[in-house]
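Step one of this worksheet: look at the structure below.
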Amino acid sequence: MAKDMSKRTEYKNVTEVAGPLMVVEGISDVAFNEIAKIKLPNGEERLGQVLEAQTDRAVLQVFAGTRGLDTRDTSVQFTGEVMKFGVSEELLGRVFSGIGEPIDGSPDIIPEERRDINGDPINPSAREYPREFIQTGISTIDGMLTLVRGQKLPIFSASGLPHNDAAAQVARQSKVLGEEEEFAVVFCAMGITAEEANFFRRDFERTGALERSVLFLNLADDPTIERIIIPRMALTAAEYLAFEEGMQVLVILTDMTNYCEALREIAAAREEVPGRRGYPGYMYTDLASIYERAGRILNREGSITMIPILTMPDDDMTHPIPDLTGYITEGQLVFSRELHRKGIRPPLTPGPSLSRLMEEGIGGERTREDHSDVSNQLYAAYAEGLDLRDLVAVVGEEALSDRDKLYLVFADKFEDRFINQGEEENRSIEETLDLAWDLLTNIPKKDLKRIDEKWIDKYYPG
Amino acid sequence: MEEKVEKSISRMKEPSEEEAEGVVIHVAGPVIEAKNLRGVEMYEVVEVGNEGLIGEVIELEEDVATIQVYEETGGLKPGEPVIRTGEPLSLELGPGLIEQIYDGIQRPLEGILEETGDFIRRGVDVPPLDEDKKWEFVPVVEEGDEVEQGDILGVVEETKTVEHRVMVPPNKKGTIKDIASKGEYDIDETIAVLGNKEGEEEISMKQRWPVRVGRPIKDKKQPGELLVTGQRVLDTFFPLAKGGTAAIPGGFGTGKTVIQHQLAKWSDADIVVYVGCGERGNEMTEVLRDFPELEDPWSGESLMKRTVLIANTSNMPVAAREASVFSGITIAEYYRDMGYNVALMADSSSRWAEALREISGRLEEMPGEEGFPAYLASELASFYERAGSCRLYGGREGSISVIGAVSPSGGDFSEPVTQNTLRIVQVFWALDTELKNRRHFPAVDWLSSYSLYLDEISEWWEENVNEHWKSLRRETMRLLEKESELEEIVQLVGPDALPPSDQFALQAARVIREDFLQQNAFHEVDTFCEPEKQFRMLKLMMELYSTGLKAIEKGVSMDDLAAMEILEKISRMSNYPSEDWEERFNDLEMELNEEFNELEETLELSSPIEKEDR
């Protein structure tokens, strides 16, 4: 916050405290979004942010909650600044709290620069279209849902599914072919349990990734309202590392569902007109201000690749949180409970999943010339296999033709061998595509209509 | 400050000194309140705060005005000034629009890039049109000519594809007192002087027009010419007429944007206005990077040379998003007035409606369905109704086709934006999540989509392509209908229970679905399919069906039909390049007949006894 606070007026006229909000009157010269320091009767200090600025009155949201505030002794000092976060290269290896204070026991960093955590939108004219293939070593992603540098690709999961393992595996194995440089990881926890946070921290430690990571932690028992600012702080750090320091940054945001709940809480406290399911009407815009910070910029070295994780309430993909996310992000990786029950891991189901930036990121120069066709063929064959599975459930396997039975076998093998893979198994793109060809031999060769004849001649096994 | 106002906005009605400035009293997000503004008009543009943020008045009470601000308001304080401009939100129209990319209120993004770097900072003031560029003006009128609004004074080659017609601005007429001779002029120089009752009036190549008001036309006529898009499912099954309106609703990932891009690339419009409204930054970047490289199949020039882009991405200020579609349609109208066929893509109209909802929420208006304001329907109509095929002043005709993407929440078409849009538009391209999951692209659902232009467009097809178009289309639709009925039976009893003719209908419908309705936007040939080719492809496929049915009657088995070699060849015919597809299609037709003849011959050879029995 601003260095010299002593000259700033201390207002004592708190007139209202309700939920996460408080109202202070008799003030002057207060800006919208300005940060305030709130001093409690017991001497404790908290941070608040102006949500509504009037000539002599302001509504503030209090980040650490309003417990302990009163309307007699509580005092408020405005800092004259919007929320900022100090950035420098020293961020790497550090752990921060929901309001951007170090919580790893080491001293404060000396910032190069203090940046507005809301950032500014990247000018579409300045963007570089993302097209560098990231090999995650996970076949379903690399082969059918390719991730590229600068993409935002969320994991749509649900409670009880192993999304954390998958995210950690992506963080561990991701690399751009032909480049030695490893990703710097910005990890932002919103309302997840200490156990989950420790899982990531241990994994980063074990693989040595911790030194090139920045952790932002707001755990399940930390103040809810801080969840609104913590991803913005994490992204401010990511933007600095990517666009000033030229690093390739991977941002993991988990769990976006908790973020949206916090957003709803504030909206409800302000008595705003609710949109669907009580979430505020501006949730799309708000989420976009987070997700759209991923990307690449022309003539700058670095990039921000983003993997937000969200748990779909009741496994429902039409719930506003996954729905609005899907409209902003460049695809989605959907986890299926059915595959999980079958013991397939990661339980990543290709049908509803999508990577919008795939076409540009694959092909001869980037992965392999047959990649696009093979991927299309896998989708088509697996979809047909799944249809037939449904049919078998009704009419029995006898009613199927020999050709149809081949597709059933294909679908089983595809799940067992292609989707299913070990937590430490790191498959190269060549291995993934060869495996795909191997599986495609299970269906009639003349059914490979999605694949150019050239590639069939060249790659068909045997 | 005063000077800046002077520069950026020319005043229509001068506010007096004391009423020109108000004071901010309340800031909460993109909507603010300011007092001391008695006399300010609804929808007047104001400059807010010390940074001069652009805002628009949307509510008045006594001397307090509620203002939506087109830029971020973080850090804005009560007490800062609000300065009136005396003008509604307006665009600058003139040569130099084409090939530009603007934000929602016509600030050029390239210009902002030069001013503030890779990130958009607020309070930037960049002129929309290049004021220094000299254009080669060729006059077409002479001194003494009587002219009125819409008459062409002269032309400028704006790009290789677009001849910019400099017109007498709306609501003006008179005698030409002076006209510039052929030569180079910038957009502010006088190129003509009109004499009329009011005196003399200087006219430059630049006009200003308020975005929320439609430009005047003589009248509208019924659209009847096909807007060729090169997309088989659209042109053949659910055609859009030039001057028509279409909606593309679909859940996320169903390919709304890909279809919009395909239309922007391949449709035979003269001018394309693409409005990226509250969508992804990378999608606009894709257009910016791809279009200059791509060749327009109609003119052979770069696609960018007929395109204007408006980008107000999801993370840019929400109020400017609301304005962006109106900015887009105003530019479209300007080129329509020159006599062009303009296509406008709005991606996505739902984001625009959400911006309305957000602003309305901040005004604490009584919400309608799902929190949207009660005037959602009329606002949508005020946008779509600016489309049309028009008779124009100056004796020309021109059209605007509007294609709006709709992003229904939860993929549920019963939500208000989809429903209100459907009440207005004539063409409905429904995208289906189930089709997308099986990678059937474009995921246009052929059973629920419709086009109300079919009758008019039939004539176009019959005149320009083939007289049998209508019946071929109808037969195909019947086959697809039949397939969906049969599928229901198959789900209950399995495919074997069907008679061979029905089994073959399923097979034929599958060919139509996979090889005709599906189209690969990323394949260099398949991405665009000319109408003649569409017709011939469909004709061959339906021939396969009718000949196959006859063969079945003669006793050819389903297995033999399913094993036919022609099937694989048909599946690849969409990839035959334009140089030789006609020849190769002719060959395929012969092969089809030959293969059927062979099948029937072997049948006769293998079962002579049966024959004798008869």
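The values are calculated or read from the model by the stated rules, or taken from the named source; none is laboratory data. Everything quoted here is computed from the prediction, not taken from an experiment. Neighbour counts are summed over all protein chains in view; Cβ atoms, including those assigned to glycine, are modelled from backbone coordinates with ideal geometry. The area values use the complete protein model at the heavy-atom level, side chains included, leaving out ligands, DNA and RNA. Shrake-Rupley method; radii C 1.70, N 1.55, O 1.52, S 1.80 Å.
Contact list please: Cβ distance under 7 Å, first residue in segment A:440-461 and more than 10 Å from chain B (Cβ to nearest Cβ), second residue open to solvent by less than 30 Å² (accessible area, probe 1.4 Å) and among the hydroxyl-bearing types (Ser, Thr, Tyr), pairs at least six apart or on different chains.
Listed pairs, sorted by first residue: A:ILE443/A:TYR407.
Does B:ILE25 satisfy the condition of being modelled with pLDDT of 95 or more and open to solvent by less than 60 Å² (accessible area, probe 1.4 Å)?
In short, yes.
Could you list, in sequence order, the residues of segment B:435-481 that are part of a helix (DSSP H, G or I), without any contact (Cβ under 8 Å) to a residue 40 or more places away in the chain and closer than 24 Å to A:ALA381 by Cα?
B:ASN437, B:LEU480
Could we say that A:GLN54 is over 30 Å from A:PHE414 (Cβ atoms) and either touching a Pro at 6+ places or on another chain (Cβ under 7 Å) or modelled with pLDDT under 95 (or both) here?
Considered against the rule, which asks whether it is over 30 Å from A:PHE414 (Cβ atoms) and either touching a Pro at 6+ places or on another chain (Cβ under 7 Å) or modelled with pLDDT under 95 (or both), A:GLN54 comes out as yes.
Which number in (1) open to solvent by less than 20 Å² (accessible area, probe 1.4 Å); (2) more than 10 Å from chain B (Cβ to nearest Cβ); (3) in a helix (DSSP H, G or I) marks the one condition that A:TYR379 misses?
Answer for A:TYR379: the failing condition is (2).
What is the number of the single condition among (1) away from chain B (no Cβ under 14 Å); (2) open to solvent by 10 Å² or more (accessible area, probe 1.4 Å) that A:VAL185 does not meet?
Here A:VAL185 meets the rest and fails (2).
Step by step: first the residues of segment B:350-376, then only those that are open to solvent by less than 30 Å² (accessible area, probe 1.4 Å) and small (Gly, Ala, Ser), then the one that is nearest to the chain's Cα centre (by Cα). Which residue is that?
B:SER350
Regarding A:PHE187, is this residue of a type in the set (Phe, Trp, Tyr), under 30 Å from A:GLN135 (Cβ atoms) and either under 18 Å from the mean Cα position of the chain (by Cα) or in a loop (DSSP other than H, G, I, E, B) (or both)?
yes
Name the pairs whose Cβ atoms lie under 6 Å apart, with the first residue in segment B:350-364 and at the interface with chain A (Cβ under 8 Å from one of its Cβ atoms), the second surrounded by fewer than 23 Cβ atoms within 10 Å (Cβ to Cβ) and of a type in the set (A, V, I, L, M), and 6 or more positions between them or separate chains?
Final answer for the pair search is B:GLY361/A:VAL273.
Given the residues B:ASP515, B:ASP526, which is the only one that is touching a residue at least 40 places away in the same chain (Cβ under 8 Å), part of a helix (DSSP H, G or I), of a type outside the set (Ser, Thr, Tyr) and closer than 30 Å to A:GLU360 by Cα?
Testing whether each residue is touching a residue at least 40 places away in the same chain (Cβ under 8 Å), part of a helix (DSSP H, G or I), of a type outside the set (Ser, Thr, Tyr) and closer than 30 Å to A:GLU360 by Cα leaves just B:ASP515.
Please specify each residue of segment A:119-150 satisfying the condition of being open to solvent by 10 Å² or more (accessible area, probe 1.4 Å), within 11 Å of chain B (Cβ to nearest Cβ) and under 30 Å from A:VAL334 (Cβ atoms).
Correct list: A:GLY119, A:PRO121, A:GLU128, A:TYR129, A:ARG131.
Out of B:SER327, B:SER302, I need the residue that is outside the structural domain of B:TYR70 (by TED's automatic domain parsing), on the phi < 0 side of the Ramachandran plot, open to solvent by less than 10 Å² (accessible area, probe 1.4 Å) and among the small types (Gly, Ala, Ser). Which one?
B:SER327
Please state which of the following conditions A:THR236 fails to meet, knowing it meets all the rest: (1) within 14 Å of chain B (Cβ to nearest Cβ); (2) over 25 Å from B:ALA28 (Cα atoms); (3) open to solvent by less than 30 Å² (accessible area, probe 1.4 Å).
Among (1) within 14 Å of chain B (Cβ to nearest Cβ); (2) over 25 Å from B:ALA28 (Cα atoms); (3) open to solvent by less than 30 Å² (accessible area, probe 1.4 Å), the lone unmet condition for A:THR236 is (2).
I'd like the full set of residues that are at positive phi, part of a loop (DSSP other than H, G, I, E, B) and among the small types (Gly, Ala, Ser), limited to segment B:354-408.
B:GLY394, B:GLY395
Quick one: is A:ALA209 without any contact (Cβ under 8 Å) to a residue 60 or more places away in the chain and closer than 17 Å to A:GLN173 by Cβ?
Yes; evaluated as a whole, the condition is true for this residue.
Which members of segment A:314-361 meet the condition of being of a type outside the set (Lys, Arg), open to solvent by 10 Å² or more (accessible area, probe 1.4 Å), more than 8 Å from chain B (Cβ to nearest Cβ) and assigned to a loop (DSSP other than H, G, I, E, B)?
The answer is A:ASP316, A:MET317, A:SER336, A:GLY343, A:THR349.
Kindly indicate whether any position in segment B:83-95 is within 14 Å of chain A (Cβ to nearest Cβ), open to solvent by 10 Å² or more (accessible area, probe 1.4 Å) and of a type in the set (A, V, I, L, M, F, W, C).
Scanning segment B:83-95 turns up no residue that is within 14 Å of chain A (Cβ to nearest Cβ), open to solvent by 10 Å² or more (accessible area, probe 1.4 Å) and of a type in the set (A, V, I, L, M, F, W, C).
Evaluate the following for B:GLU148: is it farther than 30 Å from B:THR285 by Cα and either in the same structural domain as B:ILE32 (by TED's automatic domain parsing) or of a type in the set (D, E, K, R) (or both)?
Answer is yes for this residue.
Looking at (1) in contact with a strand residue (DSSP E or B) (Cβ under 8 Å, 6 or more places away or on another chain); (2) more than 14 Å from chain B (Cβ to nearest Cβ); (3) small (Gly, Ala, Ser), which one does A:GLY68 not meet, given that it meets all the others?
Result: A:GLY68 fails condition (1) only.
Test A:GLY364 against the stated conditions and say whether it is of a type in the set (Gly, Ala, Ser), surrounded by fewer than 19 Cβ atoms within 10 Å (Cβ to Cβ) and either away from chain B (no Cβ under 12 Å) or outside any loop (DSSP other than H, G, I, E, B) (or both).
yes
Taking segment A:367-376 on its own, how many of its residues are open to solvent by less than 10 Å² (accessible area, probe 1.4 Å), under 27 Å from the mean Cα position of the chain (by Cα) and more than 10 Å from chain B (Cβ to nearest Cβ)?
The total comes to 1.
Inspect all residues belonging to segment A:35-52 and state whether any of them is open to solvent by 20 Å² or more (accessible area, probe 1.4 Å), outside the structural domain of A:GLU113 (by TED's automatic domain parsing), within 17 Å of B:LYS77 (Cα to Cα) and out of contact with any helix residue (DSSP H, G or I) (no Cβ under 9 Å at 6 or more places or on another chain).
yes
Any chance segment A:296-304 includes a residue that's open to solvent by 10 Å² or more (accessible area, probe 1.4 Å) and touching a Pro at 6+ places or on another chain (Cβ under 8 Å)?
yes
Out of curiosity, is A:THR285 of a type in the set (Val, Ile, Thr), within 10 Å of chain B (Cβ to nearest Cβ), under 16 Å from A:LEU145 (Cα atoms) and open to solvent by less than 40 Å² (accessible area, probe 1.4 Å)?
It is false that A:THR285 is of a type in the set (Val, Ile, Thr), within 10 Å of chain B (Cβ to nearest Cβ), under 16 Å from A:LEU145 (Cα atoms) and open to solvent by less than 40 Å² (accessible area, probe 1.4 Å).
So, A:ALA166, is that one open to solvent by 10 Å² or more (accessible area, probe 1.4 Å) and out of contact with any Gly (no Cβ under 6 Å at 6 or more places or on another chain) or not?
No, not satisfied.
When you check B:GLY388 against the structure, is it crowded, with 20+ Cβ neighbours inside 10 Å, of a type in the set (Gly, Ala, Ser) and in the same structural domain as B:TYR334 (by TED's automatic domain parsing), yes or no?
yes
Which of the residues that make up segment A:19-34 are among the aliphatic types (A, V, I, L, M) and either crowded, with 22+ Cβ neighbours inside 10 Å or touching a His at 6+ places or on another chain (Cβ under 9 Å) (or both)?
Of everything in segment A:19-34, those that are among the aliphatic types (A, V, I, L, M) and either crowded, with 22+ Cβ neighbours inside 10 Å or touching a His at 6+ places or on another chain (Cβ under 9 Å) (or both) turn out to be A:MET22, A:VAL24, A:VAL30, A:ALA31.
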